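Participant: Pasting a structure below so you can have a look.
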Amino acid sequence: MFKSLNLRRITPELVLRLGLAGTFLYAGISSLANPSNWIGFIPQWTETLLRLPRETLLLGHGILELLLALALILGIAKRATALIIFFDIALIILLYGIDDVTFRDFGLLMMSLALFLSNKKKPPPEPSQKTGGAPWIFR
């Protein structure tokens with residue numbers, strides 16, 4: 001069954017992307033399908049501050065979570081997506097506060113940071129002595 005599975009294609013980046021995508025996919029679908037289960041996570045004071053009903057904020061956040069999950073699955077704008085997720089989770093921790101499950105949010109926060117850092121653009125290689133110092137683009 002696993003003979004056709006090429007384990008070399010499973011990279012740490014892919015594991016981070018799919019792990020975060022699964023979490024955001026679940027949260028997005030669940031918050032849209034069962035908003036009454038999720039509305040309590042949005043503090044009451046957000047209605048006063050943002051002048052939007054909490055239900056509208058929940059709807060918007062659920063859609064955002066689905067879009068971020070889709071971007072991760074498809075590998076679209078990986079670095080930007082990871083950064084958006086990082087700030088999203090950081091805001092959740094800051095605005096909702098610390099409770100018994102904050103450890104989970106902190107883990108997701110660090111996963112998104114690791115994904116962001118793993119997608120840095122690599123500088124071009126240094127000129128090689130073997131090529132007589134020719135610029136890297138000509139190799």
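A quick yes/no check of all residues on (1) under 18 Å from Val15 (Cα atoms); (2) in contact (Cβ under 8 Å) with a residue 12 or more places away in the chain; (3) in a helix (DSSP H, G or I):
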{"residue": "Leu68", "(1), (2), (3)": "yes, yes, yes"}
{"residue": "Ile93", "(1), (2), (3)": "no, yes, yes"}
{"residue": "Ile98", "(1), (2), (3)": "no, no, no"}
{"residue": "Phe103", "(1), (2), (3)": "no, no, yes"}
{"residue": "Leu108", "(1), (2), (3)": "yes, yes, yes"}
{"residue": "Ser112", "(1), (2), (3)": "yes, yes, yes"}
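Participant: Run Glu47 past the list (1) surrounded by 15 or more Cβ atoms within 10 Å (Cβ to Cβ); (2) at pLDDT below 95; (3) within 29 Å of Glu13 (Cα to Cα) and report the number of the one that doesn't hold.
Facilitator: Checking Glu47 against (1) surrounded by 15 or more Cβ atoms within 10 Å (Cβ to Cβ); (2) at pLDDT below 95; (3) within 29 Å of Glu13 (Cα to Cα), the one that fails is (3).
Participant: When residues of the stretch 31-57 are filtered for being part of a loop (DSSP other than H, G, I, E, B) and among the aliphatic types (A, V, I, L, M), how many remain?
Facilitator: 2
Participant: Considering only residues that are farther than 13 Å from Ser118 by Cα and without any contact (Cβ under 8 Å) to a residue 24 or more places away in the chain, look in the stretch 78-91 and name the one that is farthest from the chain's Cα centre (by Cα).
Facilitator: Checked the stretch 78-91; the qualifying residue farthest from the chain's Cα centre (by Cα) is Leu91.
Participant: Select from the stretch 55-110 the residues that are in contact with a Pro (Cβ under 9 Å, 6 or more places away or on another chain) and modelled with pLDDT under 95 and write down the one among them that is nearest to Ser31 (Cα to Cα).
Facilitator: The selected residue is Tyr96.
The values are calculated or read from the model by the stated rules, or taken from the named source; none is laboratory data. From a predicted model like this one, the values you see are computed outputs, not experimental measurements. With ideal geometry, Cβ positions are generated from the backbone for all residues, glycine too; neighbour counts draw on all protein chains shown.
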